[in-house]
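Take a look at the structure set out below.
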Amino acid sequence: MSRKYLTQGLFVSFMAVALATGCAGPSASSPDKIQRALALDTRDSVDQYILGATDVVRVSVWRNEDLSISVPVRPDGKISVPLVGDVQASGRAPEELASSIRASLAEYIREPQVSVVVTSMGSHEFTDRVRVTGAVRQPVSIPHRSGMTVLDMFLNAGGANEFAALNKSMLYRKVGNEVVAIPVKLDDILRKGQVETNYSMRPGDILTIPERSF
């Protein structure tokens, strides 16, 4: 199975947890888990970029332009490099891939200098997005941007509908193999200016606004 379809599967599972929890009355995670989740970096480059299928990389070999190529990562996770042949790219950071190519080229070239630059990040099409679901005017899924907050996402969704329970909103964040539920007091943010829960968004986050119980 390619990384793209695996990523889509993980996203569907993540969404199912968020939506099901929201409909049943969201339950927050423990304070310790919430603190760990909020301590994660929320900038664009959250972790070291890991290559995956459909990414496109530029492999540059100094003073050997004939060995320098721009090539996509194939569904099997590999790329083809002149002289070297197939090299595993998926699951590696660009620097790690460059090191592997450098070691292989050393058999043919004296002290090769290799760099790898990602020119298209297709494999992160789903994992680098942020989403709003539930009792909003228009559920949205958009690319993450540095500095983006819960309120930004809420406004991108057109605000709440008439059934929203704003102070029971929940921010779902994946930490390792676990989804952490972080309470968000949207009504307090909007009506009282209490911005303590106007958290910065992290790629992959889902903001869910449940409906009121009647």
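The values are calculated or read from the model by the stated rules, or taken from the named source; none is laboratory data. For clarity, every value in this text was computed on a predicted model and none was experimentally measured. As a convention, Cβ positions derive from the backbone with ideal geometry for all residues, glycine included, and neighbour counts pool all protein chains shown. For the accessible areas, the whole protein counts, side chains as well, though only heavy atoms, and no ligand, DNA or RNA atoms are used. Shrake-Rupley method; radii C 1.70, N 1.55, O 1.52, S 1.80 Å.
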(request) For the stretch 55-123, report the accessible area per residue in Å² (1.4 Å probe, heavy atoms, rounded to an integer). (result) 55
(request) Could you sort 175-183, 49-57 so that the peptide with the highest average Cβ count within 10 Å comes first and the rest follow in order? (result) 49-57, 175-183
(request) Amide H neighbours of Val130 under 5 Å, at least 5 residues apart or on other chains, H built in the peptide plane: list them. (result) Ile142, His144, Gly204
(request) Multiply the residue gap between Glu107 and Ser27 by 0.36 nm, knock off their C-alpha separation, and tell me the result in nm, one decimal place. (result) 23.0 nm
(message) Give the residue list of GluC sites (Glu not before Pro) in the stretch 60-153 that are DSSP loop and have at most 15 other beta-carbon atoms within 10 angstrom.
(response) Glu107, Glu125
(message) With a 1.4 Å probe and all protein chains kept in place, how do Ile69, Ile206 rank by accessible area, largest first?
(response) Ile69, Ile206
(request) Please turn the phi angles of the stretch 64-71 into ³J(HN,Hα) values with the Karplus equation 6.51 cos²θ - 1.76 cosθ + 1.60 (θ = phi - 60°), one per residue in order, whole Hz, x for glycine and proline. (result) 9, 4, 5, 9, 8, 9, 10, 8
(request) May I ask for the net charge around Glu178, where only other residues with Cβ less than 13 Å from the Cβ of Glu178 are counted and Lys, Arg are +1 while Asp, Glu are -1? (result) +3
(message) Amide H of Val81 versus every other amide H placed in the peptide plane: which residues, excluding those fewer than 5 positions away on the same chain, fall under 5 Å?
(response) Asp86, Val87
